[in-house]
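Okay, structure first, notes after.
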Amino acid sequence: MTILTSQNPGRTLGAETARSAHGTTPVRTTVSVIGVGYLGAVHAASMAELGHEVIGLDVDVDRVGALNDGRAPFHEPGFEEILRRGRDRDLLRFTTDYAELAKVDVHFLGLGTPQRADGNGADLTYLQAAVDALCEVLPARDGAPTLVVGKSTVPAGTARMLADQLEQIDGVRLVWNPEFLREGFAVKDTLAPDRLVYGVRDPEDVEETEQVVGMLDAVYAQILERGTTRLVMGYEAAELVKVSANAFLATKISFINAISEMCEATGADVTDVARAIGMDDRIGVKFLRAGVGFGGGCLPKDIRAFMASAEDLGIGESLAFLREVDAINERRRARVVDLAAEMLGGLEGRRVTVLGAAFKPDSDDVRDSPALDVACRLRTAGAAVTVTDPEALGGVEKRVPGMPTEADLDEALRGAELVLLLTEWGQYKELDPARVRELVADARIIDGRNVLEPRQWREAGWEVRSLGRP
Ligand code: UGA
């Protein structure tokens, strides 16, 4: 099999409109990004940052308006700067009109693939609708080389199905190029990724593969020139790389959370265990932070879609372990609520302050957020909950109308009978236990992310409970 690496980049197609992967002449490619949600908006601004001429397309008129005004529709460090720079340099604009894509050489598909309403599988409706709409404008290119690049997270088999549709149009080719960006580090992860993965129709077809690889290399030339490894493989492998990576990360978190349950039963400290096992570089310390578990718009829905995909293939048992990964994760949320009830001797009417609503720090994303889920459960159990978060309260109000929120941290803490730290924002990690004690009614805290120093808080008079720590 031919493995093309970044050291062996393929021939550059459309070289007159692109920066050559081999180095020297910086020439611009016209690029579209269809679907400018989190992934797509960051990708569009990043492509402009690389010097390409970019049109972002979305059906959401408000989002397109905000982006054209240089306003980030979500909190992501560094994003608004590159958005504005792209706008100021006249390299970046946003539209709702597919007709404006007719002249574009490279189209990225950044559509969301949420969990289906009727089950665990991925909902491909938005992606399919975008490809259908694109197929209406591509024939206008009269056979000029045109690359469509899939970035959405999809079940294996999707790329080949879409390629069969797109490649009926003269000059059009599809590459599947999964995205590994993390919220909070999205700009860095896009412009300086750990690796680039290109899925192609048939890696054995050297000539065809070199053509499509060369075209995408031209777009990513500056990234490749920094020595980033680029791996070329079949469509299905590329699709599986993405979902396997997320499944592995979810498994790693649930693994340490299962160990955390063992720690609770035996009196051990899970942070000691994680630190020590993480020093084995076959294991590695990253993603071994025990606590209230994983959430967000990716890990939870991706493991469920992965299981659904295995079931569709008739090999459900292969990924059945992910059901347990999901169950461990859910159990941590229930455990925090039980701990709260235990500490307060019942939740009814008790004043509880939840620190954090975002699914992780440096994000305003509350999709499947463990913090917000726990806040909802506490409220359902009758507690008088106040949620605070430096960035995500707008999202809370939209997702859980009526959830009491307080933007001011001191105000949120005032009068609390129990504080729960559920998203590890820097300002929560640095709270001074003596000062906070002045604000609360009772000095009780649950550290749902294992980021506080329990001894320091206990010395300041607090009752401290953690997940997996004595
Ligand atoms: C995740 C992956 O990390 C990205 O590589 C991937 O590109 C992205 O999904 C995606 O598919 O688009 P993200 O959802 O931004 O990125 O969040 P993560 O940093 O993976 O964190 C996920 C959740 O796990 C958070 O709720 C976080 O608090 C939790 N977590 C993380 C833990 O509970 N413990 C840890 O040790 C690490």
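The values are calculated or read from the model by the stated rules, or taken from the named source; none is laboratory data. None of the values given here were measured: they were computed from a predicted structure. Glycine gets a Cβ as well: all are built from the backbone with ideal geometry, and neighbour counts include every protein chain shown. Accessible surface is based on the protein model in full, side chains and every heavy atom, while ligands, DNA and RNA are left aside. Shrake-Rupley method; radii C 1.70, N 1.55, O 1.52, S 1.80 Å.
Annotations
- Gyration tensor verdict on segment 69-169 (Cα atoms; rounded if a/c is under 1.5, prolate if a/b is larger than b/c, oblate otherwise): oblate
- Protection-proxy order for peptides 270-279, 36-45, each taking the mean of Cβ atoms within 10 Å per residue, highest first: 36-45, 270-279
- Virtual spin-label span in nm between D60 and Q128, 7 Å along Cα→Cβ: 2.2 nm
- Listed peptides 343-355, 382-394 appear in the order 382-394, 343-355 once ranked by packing, highest mean of other Cβ atoms within 10 Å at the front.
- Applying a length cut-off of 24 Å (Cα extent along the axis) and a mean Kyte-Doolittle floor of 0.0 to the DSSP H helices of the chain leaves 235-266.
- In range of the label at I283: residues from segment 300-340 whose backbone nitrogen is under 20 Å from the point 7 Å along Cα→Cβ: 325, 328-329
- Theoretical FRET efficiency, 1/(1+(r/R0)^6), r = Cβ-Cβ of D202 and E324, R0 35 Å, to 0.05: 0.45
- Average accessible area per residue (Å²) across segment 246-306 - probe 1.4 Å, nucleic acids and ligands excluded: 47 Å²
- Share of alpha-carbon pairs per 10 Å distance bin for segment 154-227, given as whole %: 17, 44, 31, 8
- Computed packing ranks the peptides 60-73, 140-153 as 140-153, 60-73, most packed first, by mean other Cβ atoms within 10 Å.
- Each semi-axis of the equivalent ellipsoid for segment 363-459 is √(5λ) with λ an eigenvalue of the Cα gyration tensor; in descending order they amount to 22, 15, 12 Å.
- Overall dimensions of segment 265-404 as given by Cα atoms, namely Rg and Dmax in Å: 17.3, 49
- Only Cα pairs under 8 Å and 6+ residues apart enter the sum, and on that basis the relative contact order of segment 138-211 stands at 29 percent.
- Percent of Cα pairs in segment 198-284 per distance bin of 10 Å, from zero to the largest separation: 14, 28, 22, 19, 13, 4, 0.
- Out-of-range pairs (alpha-carbon distance over 29 Å; input K252/K429; K286/K429; K151/K429): K151/K429
- Apportionment of accessible area to carbon and sulfur, the chain, percent (1.4 Å): 50 percent
- For the chain, radius of gyration divided by Kirkwood radius, i.e. Rg to Rh on alpha-carbons: 1.01
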